[in-house]
Amino acid sequence: MTQASFAVPTEPLSKDEAQQWQTWARGISPGQLQWLSGYLTGIQHSSAQLLELIRDLPALAPAEAAVTDKPKVTVLFGSKTGNGKQIAGQLQAQLADAGFEVALQDMNRYKPADLEKEQTAILIVSTHGEGDPPPSAEDLHAFLHSRKAPQLPNLRFAVLALGDRSYASFCQTGKEFDQRLEALGGKRLAARIDADVDYQDAADSWIADILNILQQNISQKTNLPQPALHVRAAARNGKTAESFNRKRPYQAEVLDKVLLNGRGSAKKTYHAELSLGDSGLTYQPGDTLGIYADNDPALVSALTADLGLNAEKQVTAAGKDYPLNEWLTGHAELTTVSGVFLQNYRKLASDKGFASIADGLSQILDAKDRTSAFTYGKDVWDVFRAFPIPVTEQELTGMLLPVQPRLYSIASALSAYPGEVHVTVGKVTYAHNDRLRTGLVSGFIADQLQAGGKARVFIDQNESFRLPESGDLPVIMVGPGTGVAPFRAFLQERQETGARGKNWLFFGDQHFSTDFLYQLEWQRFLKDGVLTRLNTAFSRDTRQKVYVQHRMQEHAATLYEWLEEGARFYVCGDAKRMAKDVKQTLIGIIAEQAGVENEKAAEYVKELIRDGRYMEDVY
Ligand SMILES: Cc1cc2nc3c(=O)[nH]c(=O)nc-3n(C[C@H](O)[C@H](O)[C@H](O)COP(=O)(O)OP(=O)(O)OC[C@H]3O[C@@H](n4cnc5c(N)ncnc54)[C@H](O)[C@@H]3O)c2cc1C
Ligand SMILES: Cc1cc2nc3c(=O)[nH]c(=O)nc-3n(C[C@H](O)[C@H](O)[C@H](O)COP(=O)(O)O)c2cc1C
């Protein structure tokens, strides 16, 4: 490598300063010089002479420059509805701007054994189900928790966990990745961030921190000055860029509401049509609609009376003052119990000297399964009854979490219903501890929402539940109960776009006569040739219960044929049992039809998931 030779500049550097630069610049590597040149250009603080000084140096061989000093960072994301993927893209862009060599990878596509070779890995992962990894992170998560997991003494890592505080296990998957990587010998670059549903601000500042830390690490290693941060404005996707969003819902007018079940049904499933008016909101088939509702004033007065509180007393929440009952009705999560609320409760019990109550709560909180089992079916009032402690109006306010919207799969396609959004909502109602309960939002839709009324809504994109781009590909849809909602949108879209691919729907519910949701519409789709096959399973019409997975089994050969033709496979609805049974049945069908072991068939399904051909929207 030839040495740098350049004229010593005079102004504005003194002769001494210029000589120092000259001596220093001769001693550094081409890679360092290239990096420094980017740094100086980037911050635009340097004088013309300094830039000239760099430019006058001999040209660097590009290959050499590329390999020498560009630190490599791997960004891994495990995302289901697209939030984590968007943050990962943002991080990648900013790291690349700052001169890092970045490998952006979906965990789905990442070879777990490669972790051993990584030096710096940044993980962004959400939590789904009941504290479970999103499907795309399942394999990496399982591998790291298996005996096969290697020691990772050379790995530096950081985790951004995405979640929703209202679930029993907040950010569980991110926590597990973070703890496991540490247990395997990895060094944490930065403390984990647990980001709630309004994650963007937390993500922006986490990205800035990560960049800072990585850049400091380089400058410590090389003794080079630290480059300035070019923190880009977040490249937000539609989730946050809309004028109306989760933080600022749109007041949508209800155009129509119809009960879909016939007389005598055990269920109440409503079809609601809302106008998007001039909101500018748009969506794609597969997206969900977020809906907010106020708490039942009867629950608020029963709770405050039982706790001996003054419902009119002023309380402060998030910097604002409200009468207690107003805050409880419009702003507090009351009908569900989350792990974070239980932690707040435990802390208050402990601070007030109720040690045995704090211990009892610790036992519930110590295991994910115990937390879910305890919280299922309970509301906030149940917790006060089970663990009575005296609280003030302000203490209650400080402990509760903000009310969350509920999500509903959109049941319409904008191409078929411009300016409208339709949902299919099953009313949640059950008895627990001798009290009849109604779900917050499904109860609001069922009992209060009428045509002409309004609901506060926003669109939540779901990138992992999309029709194939090619209209020629076959589509298999399994959607019992309200799970059928997005498939109404899919079929409308396939019809409107003139897609020629085959469409197969498996639908199930309790009774043919009362619960065949949207029966006439499916028949019309069949008649129009949009729906190629329809198979139904009405579980309570026969002595032996029949479910959608039984119908799949009955048509195993054709189903396998469709898959081999490149079909996309979609499952929507109940996560606890149905989605698991459907997947198991599909594995069995593949094993039987392809004449392979179950393990091989399970690998086939995994490959479908990795290729985005097996998609779930389950809850
Ligand atoms: C992506 C996604 C898509 C969804 N799509 C739809 C859809 O298309 N249609 C639809 O109807 N729902 C859908 N849901 C579910 C929906 O978001 C709500 O969870 C549901 O309507 C209940 O909300 P709620 O406010 O009425 O009840 P909440 O006030 O949230 O109460 C629900 C709680 O009640 C308890 N509970 C419920 N049933 C029972 C029972 N039988 N016994 C004891 N306890 C019980 C449980 O603790 C449960 O957590 C979807 C959910 C997700 C995440
Ligand atoms: C069906 C469903 C289940 C969820 N379960 C949990 C959970 O158990 N714990 C949690 O913290 N968040 C949970 N969440 C919230 C998601 O983690 C959160 O929306 C996150 O931003 C999603 O990120 P992603 O789009 O990258 O997957 C759940 C969300 C959905 C839709």
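The values are calculated or read from the model by the stated rules, or taken from the named source; none is laboratory data. None of the values given here were measured: they were computed from a predicted structure. Every residue, glycine among them, receives a Cβ derived from its backbone with ideal geometry; neighbour counts consider all protein chains shown.
Would you tally the residues in segment 157-180 being of a type in the set (Lys, Arg), free of Cβ contacts under 8 Å to residues at least 60 places away in the same chain and either closer than 21 Å to residue 202 by Cα or near ligand 2 (Cβ under 9 Å from one of its atoms) (or both)?
1
I'm checking my understanding of the structure. Among residues of segment 123-136 that are more than 22 Å from residue 376 (Cβ to Cβ) and within 9 Å of ligand 2 (Cβ to nearest atom), which one is surrounded by the most Cβ atoms within 10 Å (Cβ to Cβ)?
So the residue we want is 124.
Within segment 287-306, can you find the residues that are assigned to a loop (DSSP other than H, G, I, E, B) and surrounded by fewer than 19 Cβ atoms within 10 Å (Cβ to Cβ)?
The answer is 294, and nothing else.
Anything in segment 553-589 that is within 23 Å of residue 132 (Cβ to Cβ) and assigned to a helix (DSSP H, G or I)? List them, or say none.
578, 579, 580, 581, 582, 583, 584, 585, 586, 587, 588
Within segment 243-258, identify whether any single residue is of a type in the set (Val, Ile, Thr), on the phi < 0 side of the Ramachandran plot and at pLDDT 95 or above, and answer yes or no.
Yes, the conditions are met somewhere in segment 243-258.
Quick check on my filter: what residues within segment 415-457 are touching a strand residue (DSSP E or B) at 6+ places or on another chain (Cβ under 8 Å), among the aliphatic types (A, V, I, L, M) and surrounded by fewer than 22 Cβ atoms within 10 Å (Cβ to Cβ)?
Selection gives 428, 431, 436, 446, 449, 451.
Let me confirm something: among 179, 151, which residue is in a loop (DSSP other than H, G, I, E, B) and either within 16 Å of ligand 1 (Cβ to nearest atom) or surrounded by fewer than 20 Cβ atoms within 10 Å (Cβ to Cβ) (or both)?
Only one candidate qualifies: 151.
Quick one: in segment 278-296, which of the residues that are touching a residue at least 40 places away in the same chain (Cβ under 8 Å) and more than 30 Å from residue 471 (Cβ to Cβ) is farthest from the chain's Cα centre (by Cα)? Explain how you work it out, then say what you get.
Going through segment 278-296, the residues touching a residue at least 40 places away in the same chain (Cβ under 8 Å) turn out to be 281-296.
Applying the additional criterion that residues be more than 30 Å from residue 471 (Cβ to Cβ) yields 291-296.
Working: 291: 17, 292: 19, 293: 22, 294: 24, 295: 26, 296: 29 Å.
Step by step, filter segment 278-296, then rank; the result is 296.
Here are the criteria: (1) within 16 Å of ligand 2 (Cβ to nearest atom); (2) among the aromatic types (Phe, Trp, Tyr); (3) touching a helix residue (DSSP H, G or I) at 6+ places or on another chain (Cβ under 6 Å). Tell me which single one residue 408 does not satisfy.
Checking residue 408 against (1) within 16 Å of ligand 2 (Cβ to nearest atom); (2) among the aromatic types (Phe, Trp, Tyr); (3) touching a helix residue (DSSP H, G or I) at 6+ places or on another chain (Cβ under 6 Å), the one that fails is (3).
Let's see how each residue does on (1) charged (D, E, K, R); (2) surrounded by 18 or more Cβ atoms within 10 Å (Cβ to Cβ); (3) without any contact (Cβ under 8 Å) to a residue 12 or more places away in the chain:
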position: 574; (1), (2), (3): yes, no, no
position: 585; (1), (2), (3): no, yes, no
position: 592; (1), (2), (3): yes, no, no
position: 595; (1), (2), (3): no, no, yes
position: 598; (1), (2), (3): no, no, yes
position: 601; (1), (2), (3): no, yes, no
position: 605; (1), (2), (3): no, yes, no
position: 610; (1), (2), (3): yes, no, no
position: 615; (1), (2), (3): no, yes, no
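Among the helices (runs of 4 or more DSSP H) lying completely within segment 33-142, list those that include at least 2 residues that are in contact with a strand residue (DSSP E or B) (Cβ under 8 Å, 6 or more places away or on another chain), at pLDDT 65 or above and under 22 Å from residue 617 (Cβ atoms).
83-97
Taking the criterion of being modelled with pLDDT of 95 or more, farther than 19 Å from residue 377 by Cβ and charged (D, E, K, R), would at least one residue in segment 282-290 satisfy it?
yes
Mind telling me which of the residues 433, 503 ends up being more than 16 Å from ligand 1 (Cβ to nearest atom), touching a residue at least 24 places away in the same chain (Cβ under 8 Å) and over 23 Å from the mean Cα position of the chain (by Cα)? Give the steps one after another, and end with the answer.
Numbers: 433 fails: more than 16 Å from ligand 1 (Cβ to nearest atom).
Just one listed residue meets the conditions, 503.
I need the helices (runs of 4 or more DSSP H) fully contained in segment 312-390, keeping only those with at least 2 residues that are of a type in the set (Gly, Ala, Ser) and out of contact with any strand residue (DSSP E or B) (no Cβ under 7 Å at 6 or more places or on another chain). Let's see the steps before the verdict.
Values: elements: 324-331, 339-351, 355-366, 368-375, 380-386.
Once the helices (runs of 4 or more DSSP H) in segment 312-390 are filtered for at least 2 residues that are of a type in the set (Gly, Ala, Ser) and out of contact with any strand residue (DSSP E or B) (no Cβ under 7 Å at 6 or more places or on another chain), what remains is 339-351, 355-366, 368-375.
Restricting to segment 436-476, and then to whatever is farther than 25 Å from residue 261 by Cα and free of Cβ contacts under 8 Å to residues at least 40 places away in the same chain, can you tell me which residue is farthest from ligand 1 (Cβ to nearest atom)?
472
Identify the single condition in (1) without any contact (Cβ under 8 Å) to a residue 12 or more places away in the chain; (2) touching a helix residue (DSSP H, G or I) at 6+ places or on another chain (Cβ under 7 Å) that residue 313 does not satisfy, given that it satisfies every other one.
Only one criterion in (1) without any contact (Cβ under 8 Å) to a residue 12 or more places away in the chain; (2) touching a helix residue (DSSP H, G or I) at 6+ places or on another chain (Cβ under 7 Å) is unmet by residue 313, namely (1).
With of a type in the set (A, V, I, L, M, F, W, C) and surrounded by fewer than 17 Cβ atoms within 10 Å (Cβ to Cβ) as the only criterion, which of 505, 526 stands out?
Details: 505 fails: surrounded by fewer than 17 Cβ atoms within 10 Å (Cβ to Cβ).
Step by step, each of 505, 526 is checked, and only 526 is of a type in the set (A, V, I, L, M, F, W, C) and surrounded by fewer than 17 Cβ atoms within 10 Å (Cβ to Cβ).
(1) surrounded by fewer than 22 Cβ atoms within 10 Å (Cβ to Cβ); (2) at negative phi; (3) within 12 Å of ligand 1 (Cβ to nearest atom): which one isn't true of residue 479, the others all being true?
(1)
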